[in-house]
Protein chains: 4
Amino acid sequence: VDKLIERLRKFRDDRDWAQFHTPKNLAISVTIEAAELLECFQWRSDDARTDKELKGNVESEAADVLLYLVQLCDSLNIDLIQAAHHNVGRNEHRFPVDSSLGVAKPKDREAQ
Amino acid sequence: VDKLIERLRKFRDDRDWAQFHTPKNLAISVTIEAAELLECFQWRSDDARTDKELKGNVESEAADVLLYLVQLCDSLNIDLIQAAHHNVGRNEHRFPVDSSLGVAKPKDREAQ
Amino acid sequence: VDKLIERLRKFRDDRDWAQFHTPKNLAISVTIEAAELLECFQWRSDDARTDKELKGNVESEAADVLLYLVQLCDSLNIDLIQAAHHNVGRNEHRFPVDSSLGVAKPKDREAQ
Amino acid sequence: VDKLIERLRKFRDDRDWAQFHTPKNLAISVTIEAAELLECFQWRSDDARTDKELKGNVESEAADVLLYLVQLCDSLNIDLIQAAHHNVGRNEHRFPVDSSLGVAKPKDREAQ
């Protein structure tokens with residue numbers, strides 16, 4: 001991820017795009033790309049088989065989500081990977097194994 | 001990220017949640033979390049100063065986006081970091097420095 | 001819908017909120033509310049039975065999406081209902097009955 | 001809107017698409033279209049002038065959001081316009097004029 005950050009900074013500065021990359025605009029772009037990722041699954045049933053075309057599309061759209069997410073975090077000096085580990089720890093406490101076992105939406109699941 | 005994947009697999013399996021974690025449902029969750037990330041910036045002007053509260057909220061929501069993104073890619077055997085590097089390479093070609101310099105939305109920018 | 005527009009204008013002006021209601025901010029809010037609407041269905045299977053609680057949640061979130069959508073269109077002098085009829089007409093041509101019958105994603109379906 | 005509902009039902013049934021139009025899938029589509037609507041404003045500053053091209057794009061994308069929203073509500077027997085009026089009434093109470101005047105994000109604003 002560190003190497004990715006370096007490449008993205010250079011990419012942005014070579015094109016003088018920092019002026020557009022406000023945190024707000026980057027957050028907008030994360031959401032837009034996330035919806036494009038979701039579009040890969042539009043009209044598909046939950047248990048549809050995964051084919052090569054789907055995998056390729058998801059690969060590209062998921063990568064775009066990550067690229068904006070990394071840039072947003074870089075712009076606010078947030079360590080994304082560390083924050084993710086922190087949230088996993090939080091979730092391990094929030095959803096105890098006993099009460100969560102096989103339950104799709106335990107209390108507060110939406111906050112995961 | 002590899003360590004994150006391991007922790008998330010264990011978290012999921014301890015709770016028997018694999019049954020809910022279809023790729024489609026994970027993509028839905030990426031989008032929902034992305035919108036919660038965007039909500040941190042709702043009604044804020046582009047140039048509003050970043051305060052500590054905003055940073056904390058973004059940190060937590062960005063992490064949640066990443067957690068679902070990582071799980072989605074893991075479920076489809078996609079190497080997310082490698083895919084991200086691939087897309088940066090693609091963008092370096094798609095937006096040549098000369099024609100993109102200082103231009104907010106060069107042709108095809110929406111596809112970035 | 002006309003009556004809704006009148007109420008929303010008064011609501012906004014009584015609170016001096018027009019300053020925040022830029023088209024961009026209203027579009028952001030449409031997306032955030034849409035994701036909250038989607039959250040009603042998070043982790044549910046496609047064929048889960050609809051209960052009263054779900055219906056109540058969808059009712060409230062769908063209404064919020066509409067409220068921002070109406071305000072966005074009002075701010076740009078767009079007649080939303082007329083635009084919707086226009087797009088139905090477009091779709092009737094774009095997806096001919098013969099080639100679309102029972103096909104989940106005919107060519108260009110994503111553009112519907 | 002009633003006329004719209006009639007046209008959309010006929011459109012769907014002529015193509016035998018009811019099988020894909022589960023409430024969950026329609027909610028997904030609302031979100032995808034909302035993000036396409038937001039994309040019209042990507043990289044634009046808050047105060048960028050509205051031109052004819054932007055207006056045309058917003059018109060089309062906003063209409064698509066409405067079409068799926070109407071279909072979702074129809075599938076669950078929800079009266080969307082009535083629900084919207086209900087929420088305006090709720091907001092009038094939730095955000096009293098006195099305490100909300102000129103304040104971008106009064107307490108609970110995110111719930112509007």
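Rule-based calculations on the coordinates, nothing more; no lab input. Note that the coordinates shown come from a computational prediction; the quantities given were computed from them, not determined experimentally. As a convention, Cβ positions derive from the backbone with ideal geometry for all residues, glycine included, and neighbour counts pool all protein chains shown.
Observations, loosely collected:
- This model, with +1 at the C-beta of Lys and Arg and -1 at the C-beta of Asp and Glu, gives the protein assembly as shown a dipole about its Cα centre of some 0 debye.
- Dipole in debye (nearest 20) - region C:1-101, about Cα centre, beta carbon charges: Lys, Arg +1; Asp, Glu -1: 200 debye
- Here the scattering of region D:1-53 is modelled by Debye summation over its C-alpha atoms, one equal scatterer each and no solvent; at q = 0.21, 0.24, 0.31 Å⁻¹ the log10 of I(q)/I(0) is -0.86, -0.96, -1.16.
- Most tightly packed first, judged by the mean number of other beta-carbon atoms within 10 Å of their residues, the peptides C:72-81, B:19-28 read B:19-28, C:72-81.
- Angle in degrees between helix D:80-94 and the longest Cα principal axis of chain D, rounded to the nearest 10: 20 degrees
- Inter-chain Cβ neighbour count for D:83-95, averaged per residue, equals 5 (cutoff 10 Å, partner chain atoms only).
- Nearest-ten-degree value, helix B:23-39 long axis tilted from longest Cα axis of chain B: 50 degrees
- Residue among B:LEU101, B:LEU37, B:LEU69 with the largest mean-square fluctuation in a Gaussian network model of chain B, springs linking Cα atoms under 10 Å: B:LEU101
- Globularity index of the protein assembly as shown is 0.95 (Cα radius of gyration / 2.2 N^0.38 Å, N = number of residues).
- Equivalent-ellipsoid semi-axes of chain C, from the Cα gyration tensor, Å, largest first: 30, 22, 12
- Of interest is the spacing of the C-alpha centroids, which for region A:36-89 and region D:1-29 amounts to 29 Å.
- Positive-end residue of B:LEU54, B:VAL70, B:ASN87, charge dipole of chain B with Cβ unit charges: B:ASN87
- Our helix-only sum for chain A, with -39,500 (n - 2.57) per DSSP H run of n ≥ 4 divided by its residues, gives a mean residue ellipticity at 222 nm of -21000 deg cm²/dmol.
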